[in-house]
Every structure is written in structure tokens, then in C-alpha cells.
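Take a look at the structure below.
The values are calculated or read from the model by the stated rules, or taken from the named source; none is laboratory data. Quick caveat: nothing in here was measured; it's all calculated off a predicted structure. Positions of Cβ are backbone-derived with ideal geometry, glycine not excepted, and every protein chain shown enters the neighbour counts.
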Amino acid sequence: MMQVPGLYVAASGQRGRGVFTAAELRPGDLIEICPVIIIPGKEKVLIDQSILHDYYFLWDEERESIALALGYGMLYNHSNQANAEAERDLAADLIRIHCLKPIAAGGEIFINYSFRPESQSKLWFKAE
């Protein structure tokens, strides 16, 4: 796991907790590399019955697997106007978080849960 110095978790209003940065981030900066735990599709029904339902990522559509991100990976909040991008690396079992827009010190880092930064895809909860 790799993180830029100064990442921290704090309260994020009605969203619960979120990931914030103590230092300014610029577009292109690598924020974090999160190893993931892959869960086979046949076990997804078990995860869906737990609190982890709200924290996993859809991983490999062909295998219908899901993934739990380590590090701060499961704590980034969603935005349809994300300032960071989550990128799956299926071969290495990693998620890389990159900065897309300038983020000021003290700012919250948002990703789009669809793995497409500008996606307006319908989610299982009301976004923003």
C-alpha cells in the first residue's frame, strides 16, 4: 500500500467519514495504491447481507467478482463531479487513486464509484 503523506480520515457531514488531504494535490498526482481482496461472485450474496455491501467495488464483470479495497480505499466518498479517479488494475489486484482536479489542503477526495469519473450512472443510494 502506498499513500501520499498527509491523507487522513475525518467526518464528512451526512456522508459519515471520508478521506481528506493535509497537503495540496494537483492533477496527475498519485494519491494512493490500495491492494484489494477479491471475493468470488458466488460469495457476493453473503457480502450483500452484511455492512460490507456498502463498501465493496464491482471488480471483474466476466467473473462477477467483487473487491474490498484496503488502505483508505473503502472510505473515499462518491461524487458525480469527482476530483479523483479510482482505476482498477485487475492483473495486480490493485486500485490506484489519482488526482483529477486541484484539491486544496483540508479538502475531501471524491471518486466516482463506477470507475468512470464523469459517469452519471445510477447508484444504489442517492448521490450528493
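Tell me which strands (runs of 3 or more DSSP E) are completely within region 1-72 and hold 2 or more residues being modelled with pLDDT of 95 or more, over 23 Å from residue 93 (Cβ atoms) and of a type outside the set (S, T, N, Q), or say none if there are none.
It comes to 7-11, 17-21.
How many of the residues making up region 28-60 are touching a strand residue (DSSP E or B) at 6+ places or on another chain (Cβ under 9 Å), loosely packed, with under 13 Cβ neighbours inside 10 Å and farther than 18 Å from residue 113 by Cβ?
Qualifying residue count, region 28-60: 4.
Spot the failing condition for residue 66; the list is (1) buried (at least 16 other Cβ atoms within 10 Å of the Cβ); (2) closer than 25 Å to residue 4 by Cα; (3) touching a Gly at 6+ places or on another chain (Cβ under 9 Å), and only one is missed.
Going through (1) buried (at least 16 other Cβ atoms within 10 Å of the Cβ); (2) closer than 25 Å to residue 4 by Cα; (3) touching a Gly at 6+ places or on another chain (Cβ under 9 Å) one by one, residue 66 breaks only (2).
Working only within region 76-103, note down all residues that are surrounded by fewer than 17 Cβ atoms within 10 Å (Cβ to Cβ) and in a loop (DSSP other than H, G, I, E, B).
80, 81, 90, 91, 92, 93, 101, 102
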